[in-house]
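Engineer: This is the structure I have questions about; it appears just below.
No lab work stands behind these numbers, since they all come straight from the coordinates. Every value quoted in this text rests on a predicted model; they were computed, and no experiment measured them. No Cβ is skipped: glycine too gets one built from the backbone with ideal geometry, and neighbour counts run over all protein chains shown.
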Amino acid sequence: MPLRGYPYDASKLAPTAETQADLLADALETGDPAFIAHALRCIGRVTAKEHLTDQLRPADIAAMPLPVLLRLVRALGLAVTARTGNTGVAANDPGDPGPSKEHHLSAQAG
C-alpha cells in the first residue's frame, strides 16, 4: 500500500519573532545551506515577505556574500550576532584544549 503524504508548512512552527530567531540560529549553527535556505523561506512566509525568500536554494545560500545575507536577515526583521562557542569537551578531559576559540553566528529578533 503506498504511503500518503500531507502538505506540511513549517512556517507555522515560527509564528513569533523569537521562534523565528531560534529557527534561524539553529540553521546558522549547522552551517547547512539547505537548512538555512529552508529557515529563511519559512520566516519569509510567516512575515509576509516571501517575495524575498521564495526562490532561495541551498546553492544560493552557499554562494551568497555575507553582506547580502545580513541584509536579507535584516529585511526579515532579525539580526545576526556572534557568541563564543563551547567545544563540548568536558573541562576535566585531558584532551581539553582550554577555552574555546570557536565562535557561532546566531539570530535574534530585531
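Engineer: Can you work out the Karplus-derived ³J(HN,Hα) for every residue in the stretch 74-83? Use 6.51 cos²θ - 1.76 cosθ + 1.60 with θ = phi - 60°, whole Hz, and x for glycine or proline.
Structural biologist: Each residue of the stretch 74-83 in turn: 4, 5, 8, x, 10, 9, 9, 10, 10, 8 Hz.
Engineer: Residues in the stretch 30-56, backbone N under 13 Å from the label point at residue 18 (7 Å along the Cα-to-beta-carbon vector): list them, ranges by number please.
Structural biologist: none
Engineer: Using a basic spin-label model with each label point 7 Å from the Cα along Cα→Cβ, how many nm lie between residue 68 and residue 51?
Structural biologist: Placing both labels 7 Å along Cα→Cβ, they lie 2.0 nm apart.
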